[in-house]
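Student: Sharing a structure, written as structure tokens. Questions coming.
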Amino acid sequence: MNTIAIRQATVSDLDALTCLFDGYRQFYGRTSDVPTARQFLLDRFNNGESTVFVALMEQKPAGFAQLYPSFSSVSMARTFILNDLFVTPSARRLGLASTLLQKAVEYAKQRGAIRLTLSTAIANEPAQALYESQGWQKDEQFFVYHFATNV
């Protein structure tokens, strides 16, 4: 039986998270860049800009979820963006992603958030099936637009 534990990460988890974060970026087609990934995560910790949960399987890092705080102006309430969710290929289909999602929901509820929001690649059907099985609902009301400022 695999022992799974989810806990809120601290800066002392930085090295383990860096490897996971770099793997996550590679999953989405980015080139490995461990030093920049490490600095990005360190900046989030140092500036209190995100909350990270780490999934441990047999006490080894096997996944993570990263939440960014936000707000709904219309509802005048706190929200969270579940921006990153990743489980290593060898640890997939063992319940880590589901447990990370549940931990994120629990965390948001404890902080009085009215919702969590996430997005995933259109082709990432396994993730979509997971989200829907956990009660997440696809937005049928709004389109998402992006404007690149670094062009």
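Student: Compute the separation of the alpha-carbon centres of segment 41-57 and segment 86-143 and state it in Å as a whole number.
Tutor: Segment 41-57 and segment 86-143 have Cα centres spaced 18 Å from each other.
Student: On the accessible surface of the chain, probed at 1.4 Å, how many percent belong to carbon and sulfur atoms?
Tutor: 53
Student: Still on this structure, please answer the following. Using the heavy atoms of the protein chains and a 1.4 angstrom probe, tell me the accessible area per residue for segment 14-151 in square angstrom.
Tutor: Value for segment 14-151: 66 Å² per residue.
Student: Then there's this: Determine, from the Cβ-Cβ distance of Asn124 and Met76 and an R0 of 35 Å, the FRET efficiency 1/(1 + (r/R0)^6), rounded to the nearest 0.05.
Tutor: E(calc), rounded to 0.05, equals 0.60.
Student: Right, something else. With the crude spin-label approximation of a point 7 Å out along Cα→Cβ, what separation in nm comes out for Val34 versus Phe143?
Tutor: 4.3
Student: Okay, moving on. Give me the accessible area of Ser119, 1.4 Å probe, in Å² rounded to the nearest 10.
Tutor: Rounded to the nearest 10, that gives 100 Å².
Student: For Phe71, list long-range residues whose amide hydrogen, built 1.01 Å from N in the peptide plane, is under 5 Å from its own amide hydrogen.
Tutor: So Phe71 has HN proximity to Thr79.
Student: Work through the residues other than Phe80 whose Cβ is under 9 Å from its Cβ and net out their charges, Lys, Arg +1 and Asp, Glu -1.
Tutor: The answer is +3.
Student: Could I ask something else about it? Determine ³J(HN,Hα), in whole Hz, for all residues of segment 91-105 in sequence, where each value follows from phi through the Karplus function 6.51 cos²θ - 1.76 cosθ + 1.60 and θ = phi - 60°; x replaces Gly and Pro.
Tutor: Ordered by residue, 3J(HN,Hα) equals 10, 6, 6, 10, x, 5, 4, 4, 5, 4, 4, 4, 5, 5, 5 Hz.
Student: Give me a comma-separated list of calculated 3J(HN,Hα) values for segment 38-50, in order, Karplus coefficients 6.51, -1.76, 1.60 applied at θ = phi - 60°, integers in Hz, x for any Gly or Pro.
Tutor: Using θ = phi - 60°, the values come out as 4, 5, 4, 5, 4, 4, 5, 5, 5, 9, x, 9, 7 Hz.
The values are calculated or read from the model by the stated rules, or taken from the named source; none is laboratory data. Worth saying up front: this structure is predicted, and the values here are computed from it rather than measured. In this analysis, Cβ positions are derived from the backbone assuming ideal geometry, glycine residues included, and neighbour counts consider all displayed protein chains. These accessible areas exclude ligands, DNA and RNA; they are computed on the full protein's heavy atoms, side chains included. Shrake-Rupley method; radii C 1.70, N 1.55, O 1.52, S 1.80 Å.
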